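Asker: Next up is a structure, given as structure tokens.
The values are calculated or read from the model by the stated rules, or taken from the named source; none is laboratory data. From a predicted model like this one, the values you see are computed outputs, not experimental measurements. In this analysis, Cβ positions are derived from the backbone assuming ideal geometry, glycine residues included, and neighbour counts consider all displayed protein chains.
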Amino acid sequence: MQKPWEGRFKEKTEEFVERFTQSVSFDKELAFWDIKQSVAHVKTLLKAGIITQEEAQSILQGLKDIEESILKGSFEFKQELEDVHMNIEVELIKRKGEVGGKLHTGRSRNDQVATDERLYIKDEILQVCGLLRDLRKVLVKLAENSLEVVMPSYTHLQRAQPIRLSHYFLAYREIFLSDEERFLRAYRSADYLPLGSGAVAGVDFPLDRFYTAELLGFNRLCRNSMQATADRDFVLDVLYACAVCGMHLSRLSEDLILWSTEEFGFVDLPDRLCTGSSIMPQKKNPDVLELIRGKTGRLYGNLIGFFTTLKALPMAYNRDLQEDKEPLFDSLRTIQDCLTGTKLVLEGMSIKADAMKRASGGFTLMTDLANYLVLKGVAFRQAHHIAGSITSYLIEKGKRPEDLTLEELRNFSELYQEDALELLNPEKVADRRRTYGGTAKEELVKRIEVAKREEGMK
Ligand code: ARG
């Protein structure tokens, strides 16, 4: 098999070198985008008068046929031909003869690979954003259906203050909205056309790069041929967006794993999304959630690994850059799987509202016993101290706040009146938090309305 670059070589390539330097085993993922950009390149060559109409026709037909073979699965990618770019080019020449050799005019694999990757990333990001949107819709639906469910919120994983469960779901909806924004920023950084930059210095044929950009749907052009071929910041941006989103999914998974334990008993995960133990017959394990949590490690690894590869690379293209592909493909595949898994779990789990409610009372009510005094003019620190004393009194007596009588309260402050006892109800306490973004039902109803509008659910 002749290599397109073998003209200046006198020795056959070592087999090890072929195996070690090849990228086709993974960059064939870019085949579709490579062909798409070649089509645009052919049209640009034609416009520049470098190839004739007939030559362009013949190359385009050849590319179309190759695309069909790839889709059918009959295209044989060869390791000796290194990467997806050379595999397709050599096949084109095989099918169309000499004219196929004109395709690579005014192009280098250096601007070619960067173009393929940018096209690929833009498309993948739109798919990730679609999954994020689906997940947010599920969260909004859950929020709408859980307005009447109260639960404790946690700080330091200790019960903190009662909230409505909707508040929790809406929190994650906000978080996944910020993930979409992060992915869209990565989209914008990928949205620059490198093609027409050549290997490093630009191209000596009159290629209309603005025309190429238009054909490929790029909104901007890389404005310097060295930057165009050396820069992989757009890859880092996606890897970062994937890592952050994975971290969010991991935190959500951790909550659900805890909530599904016998100790919490807040949710029940459906059998179809759990697995069993080979030795302990009673077990139903939340493996999907655990793997989502676990995969965050590789998302971080992909980011840090490739970030490190980029360090100290001299200007401009270096073969080290080939190391961008496996982490890139892996992160995008992983994040899409994790988003799909999370959605399945959220849709499938059942909520044990009684257990949540039971846990939401008790000492989570103490902040409000302090704030009651604040509203009567006591300084917050003083009020906090009094409520702290009530807490230790209750702990000593083995009682819960709901057991308090007015007399007991008044032993701590004369300012407590009959209405203070109403505070010993988690729903009421939640509904006092009426600030914008708080957990009060009337506020949540508004937030759900806005969320539904923003997600196009009404
Ligand atoms: N497979 C290479 C990569 O992924 C394509 C560019 C190769 N360029 C070169 N001059 N060897 O980076």
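Asker: What residue, of L346, L332, is more than 16 Å from the ligand (Cβ to nearest atom) and either of a type in the set (D, E, K, R) or surrounded by 19 or more Cβ atoms within 10 Å (Cβ to Cβ) (or both)? If you could, list the steps in order and put the result at the bottom.
Answerer: Details: L346 fails: either of a type in the set (D, E, K, R) or surrounded by 19 or more Cβ atoms within 10 Å (Cβ to Cβ) (or both).
From the options L346, L332, the qualifying one is L332.
Asker: Go through region 1-28 and give me each residue that's buried (at least 18 other Cβ atoms within 10 Å of the Cβ) and either out of contact with any Lys or Arg (no Cβ under 7 Å at 6 or more places or on another chain) or not acidic (D, E) (or both).
Answerer: Correct list: Q22, S23, V24.
Asker: One residue is enough: does region 269-284 have a residue meeting the conditions assigned to a strand (DSSP E or B) and surrounded by fewer than 16 Cβ atoms within 10 Å (Cβ to Cβ)?
Answerer: Yes, region 269-284 contains at least one residue that is assigned to a strand (DSSP E or B) and surrounded by fewer than 16 Cβ atoms within 10 Å (Cβ to Cβ).
Asker: For region 400-435, enumerate the residues that are within 24 Å of M151 (Cα to Cα), of a type in the set (D, E, K, R), loosely packed, with under 13 Cβ neighbours inside 10 Å and modelled with pLDDT of 95 or more.
Answerer: R434
Asker: Right, next: Could you tell me whether T212 is of a type in the set (S, T, N, Q), more than 16 Å from the ligand (Cβ to nearest atom) and without any contact (Cβ under 8 Å) to a residue 24 or more places away in the chain? Show your work before the answer.
Answerer: Details: of a type in the set (S, T, N, Q): yes; more than 16 Å from the ligand (Cβ to nearest atom): yes; without any contact (Cβ under 8 Å) to a residue 24 or more places away in the chain: no.
Here the answer is no, as T212 does not meet what is asked.
Asker: Suppose we keep only residues that are surrounded by fewer than 21 Cβ atoms within 10 Å (Cβ to Cβ) and among the β-branched types (V, I, T) within region 71-117. Which one would you say is nearest to the ligand (Cβ to nearest atom)?
Answerer: Among residues in region 71-117 that are surrounded by fewer than 21 Cβ atoms within 10 Å (Cβ to Cβ) and among the β-branched types (V, I, T), the one nearest to the ligand (Cβ to nearest atom) is V90.
Asker: Mind checking which pairs have a first residue in region 251-271 that is within 14 Å of S350 (Cα to Cα) and a second that is at pLDDT 95 or above and loosely packed, with under 13 Cβ neighbours inside 10 Å, Cβ under 7 Å, 6 or more apart or different chains?
Answerer: V267/S350; D268/S350
Asker: List every residue pair whose Cβ atoms lie under 6 Å apart, where the two residues are 6 or more positions apart in sequence or sit on different chains, the first residue falls within region 108-127 and is of a type in the set (V, I, T), and the second residue, located anywhere, is modelled with pLDDT of 95 or more and within 14 Å of the ligand (Cβ to nearest atom).
Answerer: The qualifying pairs are T115/Q37; T115/P194; T115/L195.
Asker: In region 410-436, what residues are in a helix (DSSP H, G or I) and among the β-branched types (V, I, T)?
Answerer: Scanning region 410-436 gives a single hit, V429.
Asker: Also: Taking T439 as the residue in question, decide whether it is without any contact (Cβ under 8 Å) to a residue 40 or more places away in the chain, outside any helix (DSSP H, G or I), out of contact with any Phe, Trp or Tyr (no Cβ under 6 Å at 6 or more places or on another chain) and within 14 Å of I163 (Cα to Cα).
Answerer: Taking the combined requirement at face value, the residue does not satisfy it.
Asker: Next question, about the same structure. Quick one: how many residues across region 304-328 are more than 10 Å from the ligand (Cβ to nearest atom), surrounded by 14 or more Cβ atoms within 10 Å (Cβ to Cβ) and in a helix (DSSP H, G or I)?
Answerer: 8
Asker: Turning to a different aspect of this structure: Do we have I390 as surrounded by 15 or more Cβ atoms within 10 Å (Cβ to Cβ), of a type in the set (A, V, I, L, M), in contact with a Pro (Cβ under 8 Å, 6 or more places away or on another chain) and in a helix (DSSP H, G or I) here?
Answerer: Yes.
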